[in-house]
Amino acid sequence: MSDETAMTASKGPLIYRQSIWTRVTHWIWAICLFFLLLTGLQIFNAHPALYIGQQSGFEFENSVLEIGAINTDAGPRGQTTVFGQNFDTTGLGLGMSGAAERPVYTAFPGAVTIPSYRDLGTGRVVHFFFGWLFVATMFVWFLASFINGHIRRDIVPMPKDIAGVPKDVADHATLRFKHGRTYGPLQKLAYFGVFFILFPLIVLTGLTMSPGMNAFAPWMIDLFGGRQTARTIHFITMLLLVAFFIIHIVMVVAAGPINELRSMITGWYRASPGTPSVEGDKP
Amino acid sequence: MSGLITRRNFLRGSAVAGSGLILAGCDQFDFLADKSGVARQVMERANVLTYTAQRALIGEQTLAREYAASEIRQGQRPNGSVDPSTPEYTFLKMQDFASYKLTIKGMVDREVSFSLDELRNMPARSQITRHDCVEGWSCIAKWTGTQLGPLLDMAGVKSTARYAVYHCYDNIQRTLSGDILYYTSSDLIDAYHPQSILSYGLNDQVLPVSNGAPIRLRIERALGYKQPKYLHTIELVGDLAPFGKGRGGYWEDTGYDWYGGI
């Protein structure tokens, strides 16, 4: 065996894994979600409380989350209330942030909002612009991925994927990643959850907050159990997407950031050694 | 490595990109608040898209949801101005709005005015609706008033009119160079909408000062800033540019979307 063939065998083939549709929509979404998150927190700051039901309880109690500032004997503190339980969140910058001599009393600190100061009007303009772009990109992705087989091949978990979950969990726990031609069981479950549950959910709950859309489709208010519940679900979905983002980045770094990034930029991905080559692969 | 991206370069690059993202929220994107900026103006086109899409999708007469009386669980939360201090308003309030007049003028065949008693004696409509503030909260209340549409017909809206501008007694902002008065505007679809009522009653009581006495217009398929309180004049126009900063309303001038249905 020559050195060259040994090299090839230890590397696995270079496969064209991500289509242009997947790559372009991926990066547009990345930009959209960045702006949607930071302007969303700006919008939340205008009324930093979440409720269950049609309306916001000012004279009755139906809030599930409140972020604010309170006065204590030791001076003002940031406080977050979840289901009636109070937490001091000054250290996290929730409710109160900024330098000790010039504290800022917003729910989320200016470091994570666009603009960095209170400007609901600008937050909404930017939020809705990227909301439209996000939804348009979703249409492109679903159409292209349905036609080119990305959804069937990589996204929808099959029975054999479900059966493979325990082994995949064990592999991930020991940081043994298989770089195959298609996605692994946990990858499929994660992306299926994002594309088929979280993305539609965040769009529909967003639309349910629009009084115009409420007139057009009042069933959406009922589907989510009221406008304020829709707003709460919108927020929770945001948290889940942030959690997905963190895991996504950790996995990219753990699985080999250069290979992963290259596949999302050029489409070419270095598969694990032992992956059978097919026509179209590069050595 | 054959490529240009070495691991060291990549890590350096990601560190720069990553810190850029983290710092981004600090102030890199504050320029989007500049309403004359190109990026801002491009992004504001999305509001026009929303307006166009919703007008195409939603029937002109389609009603906002009306709720059962059991859904009224609290008083209507007052927001914005709760007691204007303009001399005209203070005078009207002192005499319980006896000399109040609602005027419809501008691009109409004849300017008309109505006293509060005249408005109260017109066919009334009551609706229990959800008020959605742009800040994010909602409040359900019963609003009683008379529809704006028939009044506009009495004045005879000219075919060239495109918008109704709502002028208020509300000195929402006091500056060194004088008061800034609240105003907003809508298209004629919203003005003629069956639920667009000149309300004088709230939860079976006389509309209180904190909620806009003597008359507050309801535009139920839009957010709270499109429900002008302390209304005194409705002006039919073809162009919103001459009013305020030209964006169609007090809050709109500060950057809120004009349509307000989202």
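Each value in this text was obtained by applying a stated rule to the coordinates, not by laboratory testing. What you are looking at is a predicted structure, and each value in this text was computed from that prediction instead of being measured. When we count neighbours, we look across all protein chains shown, and the Cβ atoms used for this are built from the backbone with ideal geometry, even at glycine.
Each peptide in B:171-182, A:47-58 receives the mean, over its residues, of other Cβ atoms within 10 Å, and ordering these scores from highest gives A:47-58, B:171-182. Note that the range B:37-52 has calculated 3J(HN,Hα) couplings of x, 5, 4, 4, 5, 5, 5, 5, 5, 4, 5, 5, 4, 4, 4, 4 Hz, one per residue in order, obtained from phi through the Karplus relation 6.51 cos²θ - 1.76 cosθ + 1.60 (θ = phi - 60°); glycine and proline are x. Shape index of chain B: Rg/Rh, with Rg the Cα radius of gyration and Rh the Kirkwood radius from the inverse mean 1/r over Cα pairs, equals 1.11.
Please sort through the DSSP H helices of chain A and keep those with an alpha-carbon extent of at least 20 Å along the long axis and a Kyte-Doolittle average not below 0.0. Write out the running numbers ahead of the final one.
Numbers: long enough: A:20-46 (39 Å, 1.33); A:120-147 (40 Å, 1.60); A:227-255 (41 Å, 1.69).
Sorted by number, the helices that extend far enough and score high enough are A:20-46, A:120-147, A:227-255.
Based on the reciprocal of the average 1/r between different C-alpha atoms, the Kirkwood radius for the range A:49-107 equals 12.1 Å.
Could you please state, rounded to a whole Å, how far the C-alpha centre of the range B:33-79 is from the C-alpha centre of the range A:27-54? Each part's Cα centre sits 17 Å from the other's.
Work out the mean other chain Cβ neighbour count within 10 Å for the residues of A:124-136 and drop it here as an integer. Intermediate values should be presented prior to the final figure.
On the way: counts 6, 13, 8, 3, 8, 11, 2, 3, 7, 2, 0, 0, 0.
For peptide A:124-136, the averaged partner shielding equals 5.
Checking the a/c ratio against 1.5 first, then a/b against b/c, what shape does the Cα gyration tensor give for the range A:9-86? Prolate, since a/c reaches 1.5 and a/b exceeds b/c.
Using the Karplus relation 6.51 cos²θ - 1.76 cosθ + 1.60 with θ = phi - 60°, the per-residue 3J(HN,Hα) values for the range A:97-108 come to 8, x, 5, 4, 7, 9, x, 10, 9, 10, 5, 9 Hz, with x marking Gly and Pro.
Legend: mean number of C-beta atoms from other chains within 10 angstrom of residue C-beta atoms, peptide B:40-47, equals 5.
Taking the protein assembly as shown, how much of its Cα-Cα pair set, in percent, is spaced more than 29 angstrom apart? So the portion of pairs separated by more than 29 Å is 61 percent. With contributions of -39500 (n - 2.57) from each DSSP H run of at least four residues, the per-residue ellipticity at 222 nm computed over chain A stands at -16500 deg cm²/dmol. Counting only Cα atoms, the size of chain A along its three principal axes is 78, 48, 35 Å, in decreasing order.
Give the calculated FRET efficiency between B:K101 and B:T62 to the nearest 0.05, with a Förster radius of 35 Å applied to their Cβ-Cβ distance. Result of the calculation: an efficiency of 0.60.
Residue separation times 0.36 nm, minus the C-alpha to C-alpha distance between A:E279 and A:V140: what's the value?
Values: separation 139, 0.36 × 139 = 50.04 nm, distance 2.79 nm.
Fully extending the segment from A:E279 to A:V140 adds 47.2 nm.
Across the options A:A190, A:M264, A:I67, the greatest Cα extent toward the positive end of the charge dipole of chain A (unit charges at beta carbon of Lys, Arg, Asp, Glu) belongs to A:M264.
Once you order the gyration tensor axes a ≥ b ≥ c over the Cα atoms, which shape class does the range B:111-210 get: rounded for a/c under 1.5, otherwise prolate or oblate by comparing a/b with b/c?
Working: a/c = 1.44, a/b = 1.06, b/c = 1.36.
Rounded shape, in that the Cα axes give a/c under 1.5.
Charged side chains reduced to their Cβ positions (Lys and Arg at +1, Asp and Glu at -1) give the range B:34-254 a dipole of some 300 debye around its Cα centre. Near the amide H of B:H232, within less than 5 Å, lie the amide hydrogens of B:H167, B:C168, B:Y169, all on another chain or at least 5 residues away, with H placed in the peptide plane.
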